[in-house]
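Notes to accompany the following structure.
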Amino acid sequence: MELTKKQIERQDFVDNAIFDLLETLNPTKKQLDWDIEMISAIRDMISDYFDDIEICKEQEFYPYIED
């Protein structure tokens with residue numbers, strides 16, 4: 001099963017927002033590399049936090065297809 005356009009757009013939005021936050025918080029002029037491992041670690045922490053405080057489940061925050 002393929003991701004829907006809406007799911008892909010949401011995933012792109014979340015990943016880009018996290019990268020933008022990292023760039024904003026970077027106190028140096030050094031260019032950050034796109035690091036999906038770091039982005040996914042941060043995404044997981046945010047998703048877990050939202051789940052813990054009952055804002056939304058992971059599937060709502062970052063939709064994906066399970067194997």
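The C-alpha atoms of the chain define a longest principal axis, and helix 36-52 lies at about 60 degrees to it. 3J(HN,Hα) along segment 19-32, derived from phi through the Karplus expression 6.51 cos²θ - 1.76 cosθ + 1.60 where θ = phi - 60°, amounts to 4, 4, 4, 4, 5, 5, 7, 5, x, 10, 8, 5, 6, 7 Hz, with x in place of Gly and Pro. A simple spin-label model places the labels of D48 and Q7 2.4 nm from each other, with each point 7 Å out along Cα-to-Cβ. Computed from the Cβ-Cβ distance with R0 of 25 Å, the FRET efficiency linking E58 to L21 stands at 0.85.
Per residue, how much accessible area does the chain show when a 1.4 Å probe rolls over the protein heavy atoms, in square angstrom? Mind dumping the intermediate values first?
Values: 5610 Å² over 67 residues.
Accessible surface, normalised per residue, equals 84 Å².
Leaving out ligands, DNA and RNA, and with a 1.4 Å probe, what % of the accessible surface on the chain is carbon or sulfur?
54 percent
The values are calculated or read from the model by the stated rules, or taken from the named source; none is laboratory data. Keep in mind that this is a model prediction, so the values were computed, not measured. So basically every Cβ, Gly included, is an ideal-geometry build from the backbone, and we count neighbours across all protein chains shown. When the accessible area is computed, the model is the full protein with side chains, heavy atoms only, and any ligands, DNA or RNA have been set aside. Shrake-Rupley method; radii C 1.70, N 1.55, O 1.52, S 1.80 Å.
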